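Take a look at the structure set out below.
The values are calculated or read from the model by the stated rules, or taken from the named source; none is laboratory data. Small disclaimer: the values here were computed from a predicted structure and weren't measured. Positions of Cβ are generated from backbone atoms using ideal geometry, with glycine treated the same way; all protein chains shown enter the neighbour counts. What goes into the accessible areas is simple: the full protein's heavy atoms, side chains included, and nothing from ligands, DNA or RNA. Shrake-Rupley method; radii C 1.70, N 1.55, O 1.52, S 1.80 Å.
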Amino acid sequence: MTSSQGFLGFWETTGSAKTFTHPLDPALLDAYVPRSARVLDYGCGYGRLTAELAGLGYGAVCGVDVSAALIARGEREHPELELLRCPGFPLPFEDGAFDAALLFAVLTCVPRDADQTAIAGELGRVVRPGGVLYLSDVPLQGDALNRERYARFAERYGTYGVFETPDGGVFRHHPPERLRGLVREAGFSVLKERAGSVATLDGRTAERLQLIARREPAAPAPSPGPASG
């Protein structure tokens with residue numbers, strides 16, 4: 001997981017013991033990302049999906065997370081994986097270092113717009129032109145429980161969709177266009193969308209939205225105009 005610094009405490013304490021449940025869709029991944037790809041699992045938590053990628057035959061996978069506690073757990077549970085704690089930006093990778101990046105149930109842990117924009121932008125930097133971003137996150141839900149807590153916490157956080165959980169977590173659900181817009185602003189074009197349902201950290205079920213997006217080539221520099229004499 002990843003979170004803005006103000007909410008990091010949860011992921012260093014209570015959150016670091018959670019069992020994450022947001023599933024990978026291997027068939028969707030396989031359709032766009034070959035096994036030879038260099039893959040970044042951003043917000044990897046304790047390496048659950050990083051390990052799944054390795055098990056599927058992706059041989060060049062790196063997981064990063066802002067939480068020291070989650071990375072320490074990942075190193076204990078998956079000592080064979082490359083897991084790095086990266087508390088800020090820029091990430092320690094060159095531009096275009098990866099062929100693909102995963103962003104799984106990460107933005108739901110990042111309440112603030114600016115922090116979300118920074119994450120998407122940094123992935124736009126480290127994914128090469130033509131590379132793929134595979135995002136899966138939680139859109140706004142229509143059930144009574146979620147509508148009530150969206151309304152209850154909207155004034156406190158200034159964003160409809162942000163809410164607190166009884167164990168001290170702060171989470172965010174998004175209008176689907178918010179997720180699409182973040183991807184586009186970071187230089188990706190959405191190729192595929194898929195909806196479905198997932199188990200949540202508190203044992204409920206939520207709808208999710210998956211996006212597959214391709215990194216666009218950088219715009220060519222404008223050619224100089226004719227010299228004036």
Filter result (closer than 15 Å to residue 25 by Cβ and not basic (Lys, Arg)) within region 157-212: 191, 193, 195, 196, 197, 198, 199, 207, 209, 210, 211, 212
Any hit, region 145-168, residues being in contact with a Pro (Cβ under 6 Å, 6 or more places away or on another chain) and of a type in the set (D, E, K, R): no
The one condition in (1) more than 15 Å from the chain's Cα centre (by Cα); (2) open to solvent by 20 Å² or more (accessible area, probe 1.4 Å) that residue 21 fails to fulfil: (1)
Residues of region 24-48 classified as in a loop (DSSP other than H, G, I, E, B) and surrounded by 17 or more Cβ atoms within 10 Å (Cβ to Cβ), total: 8
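What strands (runs of 3 or more DSSP E) completely inside region 80-179 contain at least 1 residues that are over 15 Å from residue 41 (Cα atoms) and open to solvent by 30 Å² or more (accessible area, probe 1.4 Å)?
Because the criterion is at least 1 residues that are over 15 Å from residue 41 (Cα atoms) and open to solvent by 30 Å² or more (accessible area, probe 1.4 Å), the strands (runs of 3 or more DSSP E) in region 80-179 that meet it are 127-137, 162-164.
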Residue 62, sole failed condition from (1) of a type outside the set (A, V, I, L, M); (2) modelled with pLDDT of 95 or more; (3) assigned to a loop (DSSP other than H, G, I, E, B): (3)
